[in-house]
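Reviewing the structure listed below.
No value in this document is a laboratory result; all are computed from the given coordinates. These numbers were taken from a predicted model, which means no experiment stands behind them. Backbone-built Cβ (ideal geometry, glycine too); neighbour counts: all protein chains shown.
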Amino acid sequence: MTSFRNKVIYQIYPKSFQDSDGDGVGDLRGILERLDYLQELGVSYLWLTPVFSSPQNDNGYDVEDYCAIDPRFGTMADMEALIRESSQRGMGVMLDMVFNHTSTAHPWFQRALAGEKEYENYYIFKEGDSKHPPTNWQSKFGGTSWEYVPSLGKWYLHLFDVTQADLNWDNPKVREELKKVICFWKEKGIQGFRFDVVNLISKPAIFEDDLEGDGRRFYSDGPHVHEYIKELVRDTNIAEMVTVGEMSSTHLEDCIRYSTANPQERELSMCFSFHHLKVDYKNGDKWSLMEPDRRMLKKIFEDWQLGMEQGNGWNALFWCNHDQPRIISRLGNEGRFWKESAKMLAAAIHLMRGTPYIYQGEEIGMTNPHYQNISQYQDVESLNYYRILLEQGKTEAEAMSVLAARSRDNSRTPMQWSAEENGGFTKGTPWIEMADNYPEIYVEKQIADPDSVYSFYKKLIKLRKEKMVISEGRIVFLERDNPDILAYQRCYEEEKLVAFYNLTDAETTVLLEAPWMNYRKLLGNYEDSQQSGRELGLRPYEVVVLEK
Ligand code: GLC
């Protein structure tokens, strides 16, 4: 059950990974073409964001049929081939289960709209007059989270886009339907699942206005969430598979329960939480820019690493995904220290306690694209917030600079494979514009270079497989009051390692404890080391890992 601890998971955003047929949209056959690359990198699982039949208003997170492949991505035969070919290369495929909501195009919702009471009860409909939504809760994509249906005289809840209607998990029939979906994919040979915003599935019994916030405190880690997840896992018999829940605005105590290693209480293998990726949100608001608060970043890592260790839970370790801007553009350096910062940030999470995720392109140090024009953005959230920011009185230039830092499209630009046109991603016109640094930052060049970001990631993946101290060791934090240096020690029986990360572009030093003086250097991102006596000098974004 804990076999995922020494593995690394690779996230594929199929739409932007590899296009095989020239329509500008990545597809399953494209992923098949790149399996050798992924095997060579050394990852154990491939998590694909949704490829199910969908109107694509939220790039597939609006599902119309959970058991059909959207023709844009290919066919069921392509999926079967992908599962088979991945398995032949020692990799399992994980699918993304979007169970908090369905697309409003889903037959269940359509039947609800047509007046079938049974299906109305699949969703969260509330009576009310057409002027006043049942509560003041806000959608995560901006605006009210309720939509009025005149023919029914009722509102339905959508925590995300208006075309993503929240399912009613209190209805046992809904839970049974979703279990069937899991079983369908298990039979196809899927090896694991990611559950989209799964901590939002249980809504409160009473719906009331949130006088302090946007409503999230009523439904995040909601009243029956643990019970419902346990039931789903038990009845579909997936306790031994790799499962990860995406937890929105979650709490440590809940994540311990979601990911406990205790077999009696089994829920999921691990959790994504996002607190460490909000350290550059001013007053917690994603759309207000602020320099990253490194002290806060360190504190969050400490709390979550130690808390999960003590509670016997398990973290998913990640910087990047399809909803997050690229980490180099955020905490690293896109210029002179691009390579150093990419490696330092990689090691910082890969050597922690948890299971690391690599989001496509992270392994070559891809950056945000710095779009200059609103027409370059595609994402529903970005376009909504652009409008909202203008309504709030921001100038177009200000709104554009917020999007350049915060848009989810920052991570959705096509994978940069080669220096060919469109980075080898497509022979057609990409559905979203490439980052214009693709002629410099691309896979082919880095594979050949032992000093590349790619080669460094490969080394990290290998180290995790080889060293129990990385996969199983306890963690202790060092340099706790120093906001510029992240440092920790890992211990497993006699094995020990100690790691220092300079989070800044300025030189600094740390003082080594006496026993570490005899440790040997396991990993670094500069050729030599600057150690004199007990003093270890750290250059911009330098990482030094010492091993007993
Ligand atoms: C998750 C997904 C995101 C999606 C949202 C609604 O946060 O990662 O891409 O928009 O859920 O399904």
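For the range 364-467, what is the number of Lys pairs with C-alpha distance below 22 angstrom, counting only pairs 8 or more positions apart or on separate chains?
6
By its C-alpha gyration tensor, with a ≥ b ≥ c as the square roots of the eigenvalues, how is the range 379-441 shaped: rounded for a/c under 1.5, else prolate for a/b larger than b/c, else oblate?
On the way: a/c = 3.56, a/b = 2.56, b/c = 1.39.
Prolate is the answer for the range 379-441, as a/c is 1.5 or above and a/b outweighs b/c.
Taking a quarter of the surface of the Cα convex hull of the range 1-100, what do you get in nm²?
6.8 nm²
In the neighborhood of VAL279, defined by Cβ-to-Cβ distances under 10 Å, what is the net charge if each Lys or Arg adds +1 and each Asp or Glu adds -1?
Here the count lands on +3.
Test of understanding: what is the full-extension gain from GLN138 to GLU80, defined as 0.36 nm times their sequence separation minus their Cα-Cα distance?
16.9 nm
With just the Cα atoms of the chain, tell me how far they stretch along each of the three principal axes, in Å, largest first.
Sorted from largest, the Cα extents of the chain read 78, 54, 52 Å.
Alpha carbon centre of the range 457-473 versus the range 220-273: separation in Å?
So the separation of the two Cα centres works out to 25 Å.
Under 5 Å between amide hydrogens, which residues at least 5 positions from GLN11 or on another chain qualify, with H placed 1.01 Å from N in the peptide plane?
Correct list: TRP47, ILE358, TYR359, GLN360.
Compactness ratio of the range 155-222: Cα Rg over 2.2 N^0.38 Å, N = residue count?
1.33
Compute the helix-to-body angle for 453-466: its Cα long axis versus the longest principal axis of the chain, expressed 0 to 90° and rounded to tens.
Roughly 90 degrees between the two axes.
Take the Cα coordinates of the range 270-413, assign each an equal point scatterer, and use the Debye formula without solvent to give log10 I(q)/I(0) at q = 0.13 Å⁻¹.
-0.61
Of the listed peptides 170-183, 499-512, what is their order by residue-averaged count of other C-beta atoms within 10 Å, with the highest listed first? Kindly include the intermediate steps, with their values, before the conclusion.
Values: 170-183: 16.1, 499-512: 18.2.
Most protected by this proxy first, the peptides run 499-512, 170-183.
For the range 39-181, compute Rh as the Kirkwood radius over C-alpha pairs and then the Stokes-Einstein diffusion coefficient at 10 °C and 1.306 mPa s; write the answer in µm²/s, rounded to an integer.
On the way: Rh = 16.7 Å.
Here the translational diffusion coefficient equals 95 µm²/s.
Calculate how many DSSP beta bridges within the chain are antiparallel, expressed in % of all such bridges and rounded to the nearest 5. Please list the in-between numbers first.
Working: 45 of 70 bridges.
That works out to approximately 65 percent antiparallel.
What relative contact order, as a whole-number percentage, does the chain give when Cα pairs under 8 Å and 6 or more residues apart are counted?
Rounded, it is 13 percent for the chain.
What number, rounded to the nearest 500 deg cm²/dmol, is the helix-based mean residue ellipticity at 222 nm of the chain, given -39500 (n - 2.57) per DSSP H run of at least four residues and division by all its residues?
-8000 deg cm²/dmol
Rg/Rh for the range 116-239 to two decimals, with Rh computed the Kirkwood way over all alpha-carbon pairs.
Ratio value, two decimals: 1.00.
In whole angstrom, note down how far apart the Cα centers of the range 182-198 and the range 483-499 are.
35 Å
Looking at the range 236-349, I'd like the Rg to Rh ratio, where Rg is from alpha-carbon atoms and Rh is Kirkwood's inverse mean 1/r. Intermediate results must be reported in sequence, preceding the final value.
Values: Rg = 15.7 Å, Rh = 15.5 Å.
Here the Rg-to-Rh quotient is 1.02.
Taking LYS154 as the anchor, which lysines have their alpha carbon closer than 25 Å to its alpha carbon, excluding any fewer than eight residues away along the same chain?
LYS117, LYS126, LYS131, LYS140, LYS173, LYS203
Work out, in µm²/s and without decimals, the Stokes-Einstein translational diffusion coefficient of the range 377-486 at 25 °C, 0.890 mPa s, Rh from Kirkwood over C-alpha pairs.
Numbers: Rh = 18.0 Å.
The estimated diffusion coefficient comes to 137 µm²/s.
What is the fewest-to-most order of SER130, SER20 by other Cβ atoms lying within 10 Å of their Cβ?
Least to most surrounded, the residues fall as SER130, SER20.
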